[in-house]
Protein chains: 2
Amino acid sequence: MLDARKKNVLLAIVQDYIATAEPVGSRTIARKYKLGVSPATIRNEMADLEEMGFIEQPYTSAGRVPSDRGYRYYVDHLMKREELTLDEEKMVLNSYLTKVQDVGEVLRRTGNLLSQITNYTAVVLTTHYGKGTFRHIQIIHMGPGQAMVVLVSDSGAVQHRIIDVPDTIGPDDLDTISRVLNHKLQGKSIKNIRLTLIKEIYFELARQKHVLNMAMDLIQESLTVKTGEKVYLGGIFNILNQPEFHNVEKVKTLLSLLEQEKELSNIIEGVFDARGVTVRIGEELDNERIKDCSVVMASYGMDGKPVGGIGLLGPTRMDYARAYAVVEYITSNLSLVMERLLRGRGK
Amino acid sequence: MLDARKKNVLLAIVQDYIATAEPVGSRTIARKYKLGVSPATIRNEMADLEEMGFIEQPYTSAGRVPSDRGYRYYVDHLMKREELTLDEEKMVLNSYLTKVQDVGEVLRRTGNLLSQITNYTAVVLTTHYGKGTFRHIQIIHMGPGQAMVVLVSDSGAVQHRIIDVPDTIGPDDLDTISRVLNHKLQGKSIKNIRLTLIKEIYFELARQKHVLNMAMDLIQESLTVKTGEKVYLGGIFNILNQPEFHNVEKVKTLLSLLEQEKELSNIIEGVFDARGVTVRIGEELDNERIKDCSVVMASYGMDGKPVGGIGLLGPTRMDYARAYAVVEYITSNLSLVMERLLRGRGK
DNA sequence: GTTAGCACTCTATTATATTGAGTGCTAACA
DNA sequence: TGTTAGCACTCAATATAATAGAGTGCTAAC
């Protein structure tokens with residue numbers, strides 16, 4: 001599609017612009033990147049590239065800047081693989097070495113790590129992991145007329161909720177209900193909790209219909225896939241180091257986006273279907289507020305199944321090669337850590 | 001300490017500066033605030049006020065700006081009480097009306113509410129609430145060699161952790177342990193879990209020493225006061241509307257602070273000893289990074305005991321009267337909501 | 001097809017006035 | 001003695017003009 005020289009010119013433009021944040025001109029290319037041709041020739045090539053939509057001019061007689069399309073071509077065809085330095089790898093490993101008991105803690109740490117290494121903003125997303133099968137329920141008496149339902153799923157997710165109960169119900173009643181539910185629902189997934197089963201339970205616990213309904217509500221909700229989605233951010237302020245965010249207005253729109261977990265998870269969620277690292281550039285993100293940002297992301301998971309995603313958010317001018325390497329390295333490690341932490345679950 | 005006219009001049013300066021963010025001059029005061037004296041007289045007063053340290057000049061021959069000390073005097077002696085509009089009160093009530101089951105959800109909502117009404121950044125802090133007494137423990141089998149300890153305290157806080165257990169221990173063993181622990185520890189606070197009691201339990205469950213230790217760890221940690229502290233932020237980007245944050249450097253230091261929960265909770269924690277609304281201005285915050293910010297905060301609680309705090313963070317030039325009113329109104333409402341949500345607990 | 005040369009464009013930078021709000025001081029006034 | 005008008009002075013902010021410099025597109029020669 002593009003001849004070798006055009007590729008080289010485009011590559012030079014992208015690399016230089018990523019490094020300097022300044023529009024790059026023909027002269028610079030000729031000097032820094034030895035293509036063996038004169039600036040004039042490069043100018044001709046640049047005119048062609050511009051016409052093809054790979055680069056653009058901020059204004060007449062400035063240097064050229066890659067367009068979204070140009071970055072896309074770079075990422076798909078020109079980018080050279082990078083590796084982390086040994087120090088950096090060590091840093092990652094260290095960060096995961098310190099023992100943690102909590103999935104949330106791991107993900108928080110991942111967010112910080114990502115942004116610390118790259119100086120971009122990190123977004124870490126978990127979905128409900130595990131197969132959504134029931135493991136344990138406990139209804140605990142908390143005071144007159146109040147109880148707490150605690151539910152544990154096979155993935156190790158714990159959900160709890162305070163519910164009102166009739167004053168006449170005592171701790172022992174709740175215990176009985178818990179026992180029956182545990183017995184009947186053991187290992188069942190939400191789909192497999194069939195109507196007959198529920199009827200059975202209702203029959204057995206006819207008197208506690210009200211309590212039962214609320215408990216079933218929580219079970220239903222907890223085992224449904226969407227629940228338990230959570231977003232962790234790291235290094236929000238890091239992105240302010242990028243010159244493109246020296247304008248406070250831009251910072252504002254970005255922050256307002258980052259505050260909305262829904263939007264963020266929508267962006268990252270796209271990655272679950274893909275394998276490996278996904279790069280989404282500028283308008284491809286399909287979100288007005290970050291139309292001049294890019295995201296480099298990948299999913300992490302257990303046994304090959306994604307349970308969440310991590311992403312690096314930067315300006316479209318971000319260092320894709322590096323972000324790619326970091327995201328790749330960290331997802332694979334994170335997957336390992338998650339597997340270790342939740343090993344044996346969901347069999 | 002200050003005669004009536006000086007007070008009036010200081011009041012005028014503070015009010016005008018809060019409203020306009022521009023240094024205020026003698027002429028403006030004479031025109032806008034009818035003190036019945038000429039600019040020249042006001043200039044003399046201003047010279048005095050400056051010498052006393054209540055106001056300062058950004059540079060020779062600019063208007064005057066209140067100093068931290070000036071704001072302090074304003075807040076302590078000059079500020080007029082404000083009330084929320086009916087619409088705003090309705091907004092608050094509405095926000096708390098929608099039913100929620102989860103304390104976290106309430107606090108998150110409070111953060112958003114605070115920042116939405118005031119356009120400042122909201123910080124909401126919870127501490128471990130309740131008396132720190134034990135309510136229920138459950139150890140659940142999660143797979144070979146793995147179990148989950150779930151602990152519920154009287155405050156309704158739920159904590160959980162995955163632990164390794166010997167492969168030989170099965171679901172039933174864990175159940176037994178749970179039962180014994182529940183029976184022995186029922187209603188005990190961490191202080192009251194005496195050594196004799198622990199020995200008793202160990203004796204009874206001699207074979208499961210390992211599991212027991214880990215469970216006791218979690219109990220200890222959960223019932224200790226510090227645990228369960230959590231910070232919710234609302235409207236981070238709101239503060240960027242303030243002209244003092246048009247400088248990206250400032251935004252950066254502020255954001256880097258907001259990302260560190262520890263620092264934030266240190267700031268807010270100070271409020272637990274005080275009653276009512278506390279205002280901390282500039283250097284009083286004793287934190288280099290926000291030395292030109294102020295915080296208006298108060299604690300919310302149950303039965304008069306604080307269980308957390310809310311704060312509004314703005315530039316020192318913030319609208320104290322309004323922030324005061326909002327914080328006051330919302331804490332009292334929040335306290336009610338929390339009591340309703342956790343009613344009957346900890347008796 | 002490539003390149004040197006050159007006129008042209010447009011931003012960024014620097015230098016230079018100009019404006020205007022505000023002050024402090026002095027001297028007159030009640 | 002406290003208040004006020006008047007005035008010279010200061011200094012940031014704004015506007016204006018001049019200059020420099022990077023880069024382009026085009027043409028003509030190689």
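Details
- Filter result for the condition that a residue is among the acidic types (Asp, Glu) and more than 12 Å from chain A (Cβ to nearest Cβ), over B:259, B:263: B:263
- Residue pairs whose Cβ atoms lie under 7 Å apart, sitting 6 or more positions apart in sequence or on different chains, and linking a residue in the range A:257-286 that is among the hydroxyl-bearing types (Ser, Thr, Tyr) to a partner that is buried (at least 17 other Cβ atoms within 10 Å of the Cβ) and outside any loop (DSSP other than H, G, I, E, B), are A:265/A:125; A:265/A:231; A:278/A:271; A:278/A:297; A:278/A:298.
- Members of the range B:9-34 that are near DNA strand C (Cβ under 8 Å from one of its atoms) and not β-branched (Val, Ile, Thr): B:22, B:23, B:25, B:26, B:27
- Just so you know, in the range A:35-74 the residues that are within 11 Å of DNA strand C (Cβ to nearest atom) and of a type in the set (S, T, N, Q) include one that is nearest to the other protein chains (Cβ to nearest Cβ), and it is A:57.
- Single residue of A:163, A:219 found to be out of contact with any helix residue (DSSP H, G or I) (no Cβ under 7 Å at 6 or more places or on another chain), crowded, with 19+ Cβ neighbours inside 10 Å and either on the phi < 0 side of the Ramachandran plot or assigned to a loop (DSSP other than H, G, I, E, B) (or both): A:219
- Out of B:9, B:103, B:14, one residue alone is touching a Leu at 6+ places or on another chain (Cβ under 8 Å) and assigned by TED's automatic domain parsing to the domain that holds residue B:324. It is B:103.
- Single condition residue B:97 does not satisfy, out of (1) of a type outside the set (D, E, K, R); (2) closer than 30 Å to residue A:162 by Cα; (3) not assigned by TED's automatic domain parsing to the domain that holds residue B:281: (3)
- Selection of the range A:90-123 for residues being of a type in the set (Gly, Ala, Ser) and away from chain B (no Cβ under 14 Å) yields only A:95.
- Residue match in the range B:249-256 (condition: surrounded by fewer than 19 Cβ atoms within 10 Å (Cβ to Cβ) and of a type in the set (Val, Ile, Thr)): yes
- Restricted to the range B:1-111, the set of helices (runs of 4 or more DSSP H) holding at least 3 residues that are within 11 Å of DNA strand D (Cβ to nearest atom) comprises B:4-20, B:26-32, B:39-52.
- Residue in the range B:182-194 that is facing chain A (nearest Cβ under 10 Å) and at pLDDT 85 or above present: yes
- Among the residues of the range A:6-46, those that are among the charged types (D, E, K, R), buried (at least 16 other Cβ atoms within 10 Å of the Cβ) and free of Cβ contacts under 8 Å to residues at least 60 places away in the same chain comprise A:6, A:16, A:43, A:45.
- Residues in the range B:133-160 that are over 18 Å from residue B:211 (Cβ atoms) and assigned to a strand (DSSP E or B) were compared, and the one that is farthest from the other protein chains (Cβ to nearest Cβ) is B:133.
- The lone exception for residue A:42 - which of (1) in contact with a Ser or Thr (Cβ under 6 Å, 6 or more places away or on another chain); (2) closer than 13 Å to residue A:317 by Cα; (3) β-branched (Val, Ile, Thr) it fails: (2)
The values are calculated or read from the model by the stated rules, or taken from the named source; none is laboratory data. All values derive from a computational prediction rather than experimental measurement. Note that each Cβ is placed from the backbone with ideal geometry, even for glycine, and that neighbours are counted across all protein chains shown.
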